[in-house]
Structure formats: structure tokens, C-alpha cells
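Read the structure below first, then the notes.
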Amino acid sequence: MAPQPNFYNPLSLQIPAVTQDSIGCTPIDKTGLNTRFMNPGELEAVVALARLAKPKVVVEFGVNEGRTAKALMLNIDTIERYVGIDVPQGYVTDKAVQRREVPQQPAHFALDDPRFRLLIARRGSHDLAADDLPKCDFVFIDGDHGRAGVVKDTLLATRIVRPGGIIAWHDYHHLGTVDVREVLEEYYDAGRPIQHVEGTWLAFMRV
Ligand SMILES: C[S@@+](CC[C@H](N)C(=O)[O-])C[C@H]1O[C@@H](n2cnc3c(N)ncnc32)[C@H](O)[C@@H]1O
């Protein structure tokens, strides 16, 4: 979802925060890349979270134009394989706020990297099973932000992430336009060790 003014309101977020310093956020190489959909510092924080997992294989739900995929492949040299998932043009997202996000040129920033593979399915991740995806070390969940989408992507992620790996979610915020916060706080209440990165819309969990 596109960034908003006053995007961060910690008082309305239940999941405990860790500082950006504590996950090792540093400046990154963003050559040729925009920061669409990301608030200040979030692209750096996704790279830092992924680095914690020392990833060989990465899966991203909602790869869009491949900007984050490219940033991760540019900045993390352990990555051997990256699978980005999205939907075809004309797909109608569950949440109204996401309807203009479906990309015209899916993953175009990342397609020139031989480690990258684009996976488009008619209903995106709703059509996928864990066996369609590789075992991996880092999953970035940033696709369908409706309840059914977040639940499905989290289920797939927990089945494919290897022990010691990390699942990260974008759009953990108080704005009420998507269901990410509600679903993640239910998981947290049920005992999952989710944390969020202070000053961002990112939440994450080590598996
Ligand atoms: C906010 S954008 C993702 C931005 C991207 N992760 C990045 O960092 O550059 C959300 C993406 O999710 C995709 N999407 C929506 N529903 C989906 C689904 N069911 N499966 C996979 N992708 C989906 C949209 O087409 C859109 O490209």
C-alpha cells in the first residue's frame, strides 16, 4: 500500500517493537530503484531482516515490479534463487485500496538477474500450494492484504521456510484499510513470536 503522512502510530500497535539498529539497518545500494509502496527506511529494513536469515533462497508474495527483489539481490550476495509471485493484469484485489497496485510489467526490475524467477497465477498465491514453491530462508509477504490473503500466505510461508529462517510482513499499520494488523495480532496473541520494526510497517518472525 502507498505510504501515508503520519504513517506510524506505535500506540495503536500491539506487537512489540525492536529498533532498526538492533536488526542491523544500514544504507543500501538502491541504484536505479524507486521506493514506491515503502516508507522511509523500510527498504533498508527489509534488506536487514533478510540478511539476518543469511538467505540462499527467497520467496516474495506480491513482487509487483520487482523493486524489492532487485534491492535484495543487489545487497545480499548469499542469495542463489529468488521467486517472486504476483497476479495477472485485470485481477481484482480483495481490498479496494490495492486495486491500482497490480503491475503492468510484473518484476521488470528483477528479470535481468538469472537468480530471479517470476511466478504469475490467475489468483496469485490463492492458487498455490507449498509444493509449488521452493524451500527457502526468507519470505517477504506483501501481496493480498485481505484476511484470506494474509492467512494463506502465512500458511504457505510457515511450510516453506527452513528452521532459522525469517518471515516478514509489510503493511502492519493502524490505518484500517487492510487486514494485516488484525491477523498478525491474532497470531501474536496465540503465541507466535512476532515482532515489529520500530518506525516501519514491517513485522517479522524467526521460524
Ligand atoms: C504493495 S504491492 C507489492 C510491492 C512489492 N512487494 C515491493 O516491495 O516492491 C502488492 C502486490 O501484491 C500483488 N497481489 C495482490 N493480490 C495478490 C495475490 N493473491 N497473490 C500474489 N500477489 C498479489 C499486487 O498485484 C501487487 O503487485
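The values are calculated or read from the model by the stated rules, or taken from the named source; none is laboratory data. Model, not experiment: these values are computed from the prediction. Don't worry about glycine lacking a Cβ; one is built from the backbone with ideal geometry, like all the others, and counts go over all protein chains shown.
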For this session: Could you tell me which numbered condition GLN104 fails, if it satisfies all but one of (1) within 13 Å of the ligand (Cβ to nearest atom); (2) part of a strand (DSSP E or B)?
Result: (2)
For this session: Scan the range 128-136 and give yes if some residue there is free of Cβ contacts under 8 Å to residues at least 40 places away in the same chain, in contact with a Leu (Cβ under 6 Å, 6 or more places away or on another chain) and over 23 Å from GLY32 (Cα atoms), otherwise no.
Result: yes
Problem set entry | Yes/no for PHE61 being within 12 Å of the chain's Cα centre (by Cα), modelled with pLDDT of 95 or more, within 13 Å of the ligand (Cβ to nearest atom) and of a type in the set (Phe, Trp, Tyr) | yes
Exercise. What are the residues in the range 70-104 that are basic (Lys, Arg) and at pLDDT 95 or above, if any?
Worked result: LYS70, ARG81
Exercise. In the range 9-34, what residues are surrounded by fewer than 16 Cβ atoms within 10 Å (Cβ to Cβ) and assigned to a loop (DSSP other than H, G, I, E, B)?
Worked result: ASN9, GLN14, PRO16, THR19, GLY24, THR26, PRO27, ASP29, THR31, GLY32, ASN34
For this session: Those residues that are assigned to a loop (DSSP other than H, G, I, E, B) and more than 12 Å from the ligand (Cβ to nearest atom), I need them from the range 64-93; list them, please.
Result: ILE76, ASP77, THR78, ILE79, GLU80
Seminar exercise, completed: If we ask which residues in the range 116-148 are in a helix (DSSP H, G or I), in contact with a strand residue (DSSP E or B) (Cβ under 8 Å, 6 or more places away or on another chain) and near the ligand (Cβ under 9 Å from one of its atoms), their number turns out to be 2
For this session: Would you mind telling me which numbered condition in (1) at pLDDT 95 or above; (2) under 20 Å from TRP169 (Cα atoms); (3) crowded, with 18+ Cβ neighbours inside 10 Å PHE37 fails?
Result: (1)
